[in-house]
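The values are calculated or read from the model by the stated rules, or taken from the named source; none is laboratory data. All values derive from a computational prediction rather than experimental measurement. Positions of Cβ are generated from backbone atoms using ideal geometry, with glycine treated the same way; all protein chains shown enter the neighbour counts. These accessible areas exclude ligands, DNA and RNA; they are computed on the full protein's heavy atoms, side chains included. Shrake-Rupley method; radii C 1.70, N 1.55, O 1.52, S 1.80 Å.
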Amino acid sequence: MPSPYAEGRRAVVIHEDDVGMTHGANLAFRELSARGVVSCGSVMAPCPWFPEVLAMAAVAPSLDLGVHLTLNAEKTPVKWRPLTAPPKSAGLTDENGYFWQDVGSVRRHAHPEAVEAELRAQIDAAIAGGIDVTHLDAHCGAAMSREFLPIYRRLGEDYDLPVVLTRRFAGGNPRAPGEPELSPAILEAAEAAGAAGEPVFDLFFETPWDRTAPAEGVYREALASTPEGLSFFAFHFNAPGDFEVVEPEFARYRTDEYALFSSGKIEPMLAELGIELIGMRELRNKRRALRKAEATTQ
């Protein structure tokens, strides 16, 4: 059955992850949203540049922003802490009081009750700051780990927001041979969400962190591969000037994305490929309208 959200289109969300992590990420999001080549993004409330995002959203309330639910701080020279200031016994923090560096440590140590309290605090901070929150997604996939997946979905229900779930994953970090792209738990959650009338993505494509070929050809090929239905492209745009200090080895992947999408080459590419860009606000509003119509018929 065709998705009521795609309505027969090749509907693509071009999303900026990690808004609020750096000033360069914020500049890129503001510029590329204004150009119309980025349809939405999600903000990391515990990060140092979150206040700048609140100021941006106050000036431009049409910005399509969700919350990038954050449970880890993977960068070595730049760290962030939980908003809830949890005790060490909650398992959310390392020996220095910062979020754990890797998702595996979060899964081993964090108590689900503390995770839920922290994620609610992040959503509440965005709402209190004036952001018209359009969706929820998960930084590094931590909030979608098997241990916390019920919390992730419950937050969507409680805040009446779509949560990003997908049936297929591409791009991203290289995987060992035989390792699944998506865990069985995520696939089961995606099917259950789709059956319940939630928007579920047919393809989730993440920044290809192992890219060696020129960016334009790689991104064109990725966009050309989008199926009919809903696709979600999770990119990590960053204007030059700061991420080179945060992560010198990998900064080019972010700044290359920004350079390509600010070059004027993406708009004709999308038109040529017959791709319709949509934002998460459209999906949120459609989801709410469908639920309201369903409630009136019961």
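Viscosity 1.567 mPa s, temperature 4 °C: what is the translational diffusion coefficient of segment 6-60 from Stokes-Einstein with a Kirkwood Rh over Cα pairs, rounded to a whole number of µm²/s?
Working: Rh = 11.8 Å.
The estimated diffusion coefficient comes to 110 µm²/s.
Spin-label pair V78-D160: with each label point 7 Å from Cα along the Cα-Cβ axis, the two points sit 3.5 nm from one another. Here the mean projected area of the convex hull built on the C-alpha positions of segment 86-162 is 5.2 nm². Counting DSSP beta bridges with both partners in the chain, what percentage is antiparallel, nearest 5? Here the antiparallel bridges make up roughly 5 percent for the chain. Restricting segment 222-252 to GluC sites (Glu not before Pro) that sit in a DSSP loop and have at most 16 other Cβ atoms within 10 Å of their own Cβ leaves E228, E249.
Sequence-distant contacts, meaning Cα pairs under 8 Å at least 6 residues apart, place the relative contact order of segment 104-205 at 25 percent. Normalising the average separation of contacting C-alpha pairs (under 8 angstrom, six or more residues apart) by the number of residues puts the relative contact order of segment 1-109 at 20 percent.
A Förster distance of 25 Å, applied to the separation of the beta-carbon atoms of R291 and R9, puts the FRET efficiency at 0.70. Computed from the Kirkwood radius of its Cα pairs, the Stokes-Einstein diffusion coefficient for segment 220-290 at 10 °C and 1.306 mPa s stands at 110 µm²/s.
For segment 90-127, the residues whose backbone nitrogen is under 17 Å from a point 7 Å from the Cα of E249, taken along Cα to Cβ, are 101-103. Size of segment 36-102: Rg and Dmax of its alpha carbons, in Å, are 14.2, 45.
Solvent-accessible area per residue in segment 213-263 equals 40 Å², computed with a 1.4 angstrom probe and all protein chains kept.
The HN-Hα couplings worked out from phi for segment 94-108 by the Karplus form 6.51 cos²θ - 1.76 cosθ + 1.60 (θ = phi - 60°) are 7, 5, 9, x, 9, 3, 4, 6, 10, 5, x, 5, 4, 5, 6 Hz, whole numbers, x standing for Gly and Pro.
Convex hull over the alpha-carbon atoms of segment 69-128: what's its volume per residue in Å³? Expressed per residue, the convex hull around the Cα atoms of segment 69-128 is 77 Å³.
Its Cα centre serving as origin, segment 152-298 has a Cβ charge dipole (Lys and Arg +1, Asp and Glu -1) of approximately 520 debye.
For the Cα trace of the chain, dividing Rg by the Kirkwood Rh returns an Rg/Rh value of 0.94. Sorting 261-272, 28-39 by their mean Cβ neighbour count within 10 Å, with the most densely packed peptide first, gives 28-39, 261-272. Roughly how many percent of the accessible protein surface of the chain is carbon and sulfur, given a 1.4 Å probe and a whole-percent answer? Of the solvent-accessible surface of the chain, carbon and sulfur hold 56 percent.
The Rg/Rh ratio of segment 115-235, with Rg taken over Cα atoms and Rh as the Kirkwood radius over Cα pairs, comes to 0.99. When the residues C140, C47 are ordered by accessible surface, computed with a 1.4 Å probe over the protein chains alone, the sequence from largest down reads C140, C47. Cα-based values for segment 1-141, radius of gyration first and Dmax second, are 16.1, 51 Å. Per-residue ellipticity at 222 nm, computed for the chain from helices alone with -39500 (n - 2.57) per DSSP H run of at least four residues, works out to -12000 deg cm²/dmol. Here is the tail figure for segment 158-291: Cα pairs spaced more than 20 Å apart come to 55 percent of all pairs.
Across the protein chains, with a 1.4 Å probe defining accessible surface, the residues H15, H111 rank H111, H15 from largest area downward. Dipole of segment 169-298 computed with +1 at Lys/Arg Cβ and -1 at Asp/Glu Cβ about the Cα centre; of L260, A295, N173, farthest Cα towards the positive end is A295.
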